[in-house]
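So the structure is just underneath, and the comments pick up after that.
Every number here is computed from the coordinates shown, using simple stated rules; none is lab data. None of these values were measured; they are calculated from a predicted model. Note that we place each Cβ from the backbone using ideal geometry, even for glycine, and neighbour counts take in every protein chain shown.
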Amino acid sequence: MGDDTNTGPTGEQPTAADIDQDALAQLKRQLGELTGGELDLTDVQIINLITAIGARTDSDGSVTFRHILLPRKFCNGARLMDVTGQAVSAGNGAVTFLLSSFICFTRLSVLPPVNLVATPFSTRPVYVTTQYKLVPDPAVPGAFSDLEITLMAWSSGGSPAPEVVIDWRCRLVEVDIIF
């Protein structure tokens, strides 16, 4: 028979409501000390000690290009990368991260166009805005090795909203790296 010490009365994983809040705050502080910094995690993530942070799929697609000098367009086959993840806004309502932090890939090469959407996971009225910046690859002029994403959470009154869980999704063109 399995060990039931880490499960609730129904056999499910415990939730933040099941745990003493003082004990949870102490655990979060201690884990922060162990890792050398403040943890950007929800209470449930702290309780479970491990959490999925991202998912990725690749698919064949097509990229449409516009010629700069001639009034025409052309299309080429391409690999499209679709990445999803979850982040938590900091005290200033924003969170900034690299796309590579959410996927199991050691080397990236990406191109625009970029499609980035984000949704707050909240019961209170909150809005999220997005920004991104392609990170130049210093080893390859004109190429981009990552994508820096900034998500900003706002209250309905327009002030920054801290500690908002934000689900996001990003789709962009993946370029084959040839060594």
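Provide the FRET efficiency to the nearest 0.05 for the THR64-LEU34 pair, computing r from the beta carbons and using R0 = 30 Å.
0.05
Extending 7 Å from Cα along the Cβ direction at VAL44 and again at SER122 yields two label points whose distance is 1.7 nm.
What's the Kirkwood radius of the range 54-174 in Å, using all Cα pairs?
Values: mean 1/r = 0.0636 Å⁻¹.
Across the range 54-174, the inverse of the average 1/r is 15.7 Å.
A simple count of charges around THR64, restricted to other residues whose Cβ falls under 12 Å of its Cβ and scoring Lys, Arg +1 and Asp, Glu -1, yields +3. Short-range pairs are left out: with C-alpha atoms under 8 Å and at least six residues apart, the relative contact order of the range 54-174 is 34 percent.
Helical content of the chain, expressed as a calculated mean residue ellipticity at 222 nm, amounts to -3500 deg cm²/dmol (DSSP H runs of 4 or more residues, -39,500 (n - 2.57) each, divided by residue number, nearest 500). Dipole of the chain computed with +1 at Lys/Arg Cβ and -1 at Asp/Glu Cβ about the Cα centre; of LEU31, GLY142, VAL175, farthest Cα towards the positive end is GLY142. Taking the 0 to 90 degree range and rounding to the nearest ten, how far is the long axis of helix 21-35 tilted relative to the main principal axis of the chain, both from C-alpha atoms? Compared with the principal axis, the helix lies near 50 degrees.
Given a Förster radius of 22 Å and the C-beta distance between ARG169 and GLN21 as r, what FRET efficiency does 1/(1 + (r/R0)^6) yield to the nearest 0.05?
Details: r = 32 Å, r/R0 = 1.45.
Rounded to the nearest 0.05, the efficiency is 0.10.
Computed from backbone phi with θ = phi - 60° and the Karplus coefficients 6.51, -1.76 and 1.60, the 3J(HN,Hα) list for the range 119-134 is 9, x, 9, 7, 8, 9, x, 9, 10, 10, 10, 10, 9, 8, 9, 5 Hz; x is used for glycine and proline. The charge dipole of the chain, taken about the Cα centre with unit charges on the Cβ atoms of Lys, Arg (+1) and Asp, Glu (-1), comes to about 1180 debye, rounded to the nearest 20. Peptides 117-128, 70-81 ranked from most to least packed give 117-128, 70-81, packing being the mean of other C-beta atoms within 10 angstrom over each peptide's residues. Counted by neighbouring Cβ atoms within 10 Å, the residues ILE50, ILE103 run from fewest to most as ILE50, ILE103.
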